[in-house]
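Beneath this line is the structure, given in structure tokens, with notes to follow.
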Amino acid sequence: MTGTTQPPALRSVSGQRLAALVADRTSDSGLARDADVVSRVLPFKVSSYVVDHLIDWDRAADDPMYRLVIPHRDMLDPADYALVAAALDSGDAQALRISADKVRDRLNPHPGDQLTRNVPSDDELDAWGLQHKYAETVLVFPRQGQTCHSYCGYCFRWAQFVDRGDLKLAVPGPQVMTEYLRRHRQVTDVLLTGGDPLVMRTDLLAQYVEPLLTDELDHVRTIRIGTKALSFWPYRVLPGPDGDALLRLLERAVSAGRHVALMLHFSHPRELSTEPVRQALRRLAGTGAVLRAQAPLVRHVNDEPDTWATMWREQVRHGIVPYYMFVERDTGARRYFGVPLARAADVYREAVRQVSGLARTSRGPVMSASPGKVCVDGVAALPSGPAFALRYLQARDADLVGRPFFARFDPLAEWWDELRPYGPADVPFFGRTG
Ligand code: SF4
């Protein structure tokens with residue numbers, strides 16, 4: 001550990017500069033124009049690390065990492081694209097803002113009832129910036145962590161990043177979290193999330209972590225930190241004052257008897273291939289924290305079984321426990337990234353059968369929907385026709401967890417709200433849970 005080394009300074013490209021970057025790297029003015037139009041609606045930002053180490057510009061626009069982080073015209077409905085393009089060409093800033101907001105509102109900015117059902121409202125405390133959906137777990141959105149080093153085009157929290165106060169969910173500081181936890185001693189798990197909490201300097205992050213190590217909050221056993229920093233800016237963890245301080249903080253939490261889990265977001269095996277990310281993983285593992293990996297299954301990026309099999313193998317090789325394969329959520333650019341549930345189940349099955357037992361720990365495909373986390377176990381041949389075999393891994397109604405149930409098979413369905421009970425016995429799994 002050197003403590004004196006300085007990692008490179010973070011540089012990122014967004015907005016109109018992103019279109020210029022695409023023009024420069026691809027020499028394709030059409031792709032650049034598309035990036036300009038689409039980024040007026042959905043937030044995009046790319047770090048210099050992603051630009052220089054992860055995107056294969058010779059393969060743009062077909063390269064999976066390009067698809068992950070660069071705006072593409074198919075992310076918007078053609079009519080919406082035309083609306084925003086016309087407003088942009090008019091040069092009228094207000095018309096552009098109105099058009100962009102109109103389109104955003106059509107993109108379901110807060111899926112899964114995040115604002116209406118997950119923000120706690122059961123006591124005097126103003127808990128805006130927390131989510132408490134399942135009894136044992138509270139999500140904390142620190143204000144300073146409501147951005148990421150780059151943005152995924154499929155981000156289900158994209159509304160956090162656009163310039164709309166009404167769409168942002170964040171706590172101003174750790175006091176709301178600590179006060180809430182004092183009052184809710186059934187909570188065992190705290191997930192610091194965002195955005196990405198690792199965009200915060202370590203001294204800021206420590207303000208949230210340290211209170212969780214005190215005797216007063218000793219009912220909190222697990223501290224999870226959700227991050228994609230290892231994909232987008234692994235230097236965050238590499239030797240240097242802030243990276244070293246982060247390791248010390250994680251070590252303190254582990255020494256205090258907390259289970260510390262870094263919930264790493266990896267969308268494609270290429271993100272695990274560079275020397276900086278591998279060094280970052282070794283350093284994190286050395287703190288005693290557990291590394292887990294999750295990502296959504298999305299078209300254009302990772303919708304082939306071999307991609308997941310390779311990714312899971314590489315994760316295990318680098319000390320990461322594969323955790324979740326999610327279904328792309330019903331928000332933002334889903335028209336571009338969405339995969340039918342039937343296909344998602346096939347991808348999972350064909351991927352999992354290729355890997356050894358240690359790489360079979362990823363559950364999926366899983367919809368993190370309003371009533372709970374629903375796993376699509378596959379398609380079953382039942383007497384009255386094919387059905388999706390489903391199971392709640394988590395549910396607002398804990399009584400439903402782990403019990404198999406069925407939905408009518410629909411080859412095109414991509415999300416929970418498109419599914420219908422297969423028979424009368426399945427109705428409670430839909431009706432009772434909203
Ligand atoms: S890392 Fe997560 S929060 Fe950040 S842009 Fe990607 S999906 Fe969104």
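The values are calculated or read from the model by the stated rules, or taken from the named source; none is laboratory data. All figures in this text were calculated on a predicted structure; none of them were measured in a lab. Glycine gets a Cβ as well: all are built from the backbone with ideal geometry, and neighbour counts include every protein chain shown.
Note on segment 395-431: residues that are over 21 Å from Ala344 (Cβ atoms) and among the basic types (Lys, Arg) total 2. From the list Leu250, Leu246, Leu213, the one residue that fits, being more than 16 Å from the ligand (Cβ to nearest atom), free of Cβ contacts under 8 Å to residues at least 40 places away in the same chain and over 23 Å from Trp312 (Cα atoms), is Leu250.
Answer yes or no as to whether His259 is at pLDDT 95 or above and surrounded by fewer than 21 Cβ atoms within 10 Å (Cβ to Cβ).
The answer is yes for His259.
Screening the candidates Arg353, Arg391, Arg432, Arg360 for the property of being modelled with pLDDT under 95, over 19 Å from the mean Cα position of the chain (by Cα) and more than 30 Å from Met75 (Cβ to Cβ) yields one hit, Arg432.
Scanning segment 347-361 for residues that are assigned to a loop (DSSP other than H, G, I, E, B) and among the small types (Gly, Ala, Ser) yields a single hit, Ser356. Kindly evaluate Ser48 against the criterion of being polar (S, T, N, Q), in contact (Cβ under 8 Å) with a residue 12 or more places away in the chain, surrounded by 20 or more Cβ atoms within 10 Å (Cβ to Cβ) and over 16 Å from Arg299 (Cα atoms). For Ser48, the condition - polar (S, T, N, Q), in contact (Cβ under 8 Å) with a residue 12 or more places away in the chain, surrounded by 20 or more Cβ atoms within 10 Å (Cβ to Cβ) and over 16 Å from Arg299 (Cα atoms) - is not met. Listed by position, the helices (runs of 4 or more DSSP H) inside segment 1-73 whose residues that are under 22 Å from the mean Cα position of the chain (by Cα) number at least 3 are 64-69.
Taking the condition on the phi < 0 side of the Ramachandran plot, surrounded by fewer than 17 Cβ atoms within 10 Å (Cβ to Cβ) and either aromatic (Phe, Trp, Tyr) or out of contact with any Gly (no Cβ under 6 Å at 6 or more places or on another chain) (or both), does Asp242 pass? Taking the combined requirement at face value, the residue does not satisfy it.
Could you tell me whether segment 197-206 includes any residue that is in a helix (DSSP H, G or I), in contact with a Phe, Trp or Tyr (Cβ under 6 Å, 6 or more places away or on another chain) and buried (at least 18 other Cβ atoms within 10 Å of the Cβ)? No: zero hits.
Which numbered condition in (1) in contact with a Phe, Trp or Tyr (Cβ under 8 Å, 6 or more places away or on another chain); (2) free of Cβ contacts under 8 Å to residues at least 24 places away in the same chain is the only one that Trp233 fails? Failing condition for Trp233: (2). For segment 194-204, enumerate the residues that are within 16 Å of the ligand (Cβ to nearest atom) and either among the hydrophobic types (A, V, I, L, M, F, W, C) or at pLDDT 95 or above (or both). Hits for segment 194-204 are Asp196, Pro197, Leu198, Val199, Met200.
Conditions tested, residue by residue: (1) free of Cβ contacts under 8 Å to residues at least 60 places away in the same chain; (2) surrounded by fewer than 19 Cβ atoms within 10 Å (Cβ to Cβ).
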| site | (1), (2) |
| --- | --- |
| Glu271 | no, no |
| Ala295 | yes, no |
| Val298 | no, no |
| Ile320 | yes, no |
| Arg335 | no, yes |
| Glu350 | yes, yes |
| Arg353 | yes, yes |
| Ser356 | yes, yes |
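Remark: pairs (first residue in segment 146-160, charged (D, E, K, R); second residue within 7 Å of the ligand (Cβ to nearest atom); Cβ separation under 8 Å; 6+ apart in sequence or on different chains) = Arg157/Gly194; Arg157/Gly195.
Mind listing whichever residues of segment 268-283 are over 22 Å from Val69 (Cα atoms) and within 20 Å of the chain's Cα centre (by Cα)?
Residue satisfying the conditions is Leu281 alone.
Are any residues in segment 141-192 away from the ligand (no atom under 14 Å from the Cβ), touching a strand residue (DSSP E or B) at 6+ places or on another chain (Cβ under 8 Å) and not in a loop (DSSP other than H, G, I, E, B), and if so, which ones? Correct list: Arg143, Val171, Pro174, Val176, Met177, Tyr180, Leu181, Asp189, Val190.
For segment 63-71, the count of residues that are touching a residue at least 60 places away in the same chain (Cβ under 8 Å) and farther than 18 Å from Arg334 by Cβ is at least one. When restricted to residues that are farther than 19 Å from Ala261 by Cβ and either within 15 Å of the ligand (Cβ to nearest atom) or in contact with a His (Cβ under 8 Å, 6 or more places away or on another chain) (or both), segment 216-243 contains 2.
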